[in-house]
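The next block holds one structure in the form of structure tokens; read it before the comments.
The values are calculated or read from the model by the stated rules, or taken from the named source; none is laboratory data. All figures in this text were calculated on a predicted structure; none of them were measured in a lab. Counting neighbours? That spans all protein chains shown, and the Cβs are built from the backbone with ideal geometry, glycine included.
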Amino acid sequence: MNGLRGGVFLMAAVLAGCGGDTRASEVPLAVLAGNPEAHDGSRVATEGVVRHFEEPLHYWIEDEDLNRVEIFPHDEIAPHLGERVRVEGEFAFSRGEGRRLTLERVEVLAPAD
């Protein structure tokens, strides 16, 4: 029974340590576009204007220099089309899928044009 209690204590200690700092790092779109591998799997916050394309339907944010990151889920970013926003979420990059951010939070910075 002592071994079981020790294992439970160890598991609780490991899980408590997983709470760490979960704040998103501020990363400009130019950096995400220029060096996406460095941020793959990271929680990031970035800013841009929401744009979309119909076929196939997808949404992204972009800056003045047309650096872009696709935003998922589409239905959560779609209402902000044309608006300047700050987004937070998990960034992922792959050569096949490109640059994508899974949205956790969106804040409108400027209304649609």
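Would you confirm whether any residue within region 76-99 is assigned to a helix (DSSP H, G or I) and surrounded by fewer than 16 Cβ atoms within 10 Å (Cβ to Cβ)?
yes
Of the set (1) touching a residue at least 60 places away in the same chain (Cβ under 8 Å); (2) under 15 Å from residue 35 (Cα atoms), all apply to residue 89 but (2). Out of the residues in region 38-58 meeting the condition of being among the acidic types (Asp, Glu) and over 14 Å from the mean Cα position of the chain (by Cα), tell me which one is farthest from residue 78 (Cα to Cα). Checked region 38-58; the qualifying residue farthest from residue 78 (Cα to Cα) is 55.
Yes/no matrix, rows are residues, columns are (1) over 16 Å from residue 90 (Cα atoms); (2) at pLDDT below 95:
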position: 2; (1), (2): yes, yes
position: 14; (1), (2): yes, yes
position: 31; (1), (2): no, no
position: 37; (1), (2): no, no
position: 56; (1), (2): yes, yes
position: 65; (1), (2): yes, no
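Look at residue 41 and say whether it is of a type outside the set (Lys, Arg), outside any strand (DSSP E or B) and touching a strand residue (DSSP E or B) at 6+ places or on another chain (Cβ under 8 Å). Outline the logic, then answer.
Values: of a type outside the set (Lys, Arg): yes; outside any strand (DSSP E or B): yes; touching a strand residue (DSSP E or B) at 6+ places or on another chain (Cβ under 8 Å): yes.
So residue 41 fits the description; yes.
Within region 52-75, residues that are without any contact (Cβ under 8 Å) to a residue 60 or more places away in the chain and under 15 Å from residue 86 (Cβ atoms) reach partners that are aromatic (Phe, Trp, Tyr) and surrounded by 15 or more Cβ atoms within 10 Å (Cβ to Cβ) with beta carbons closer than 9 Å, at six or more positions or on different chains, in the pairs 69/60; 69/91; 71/59; 71/60.
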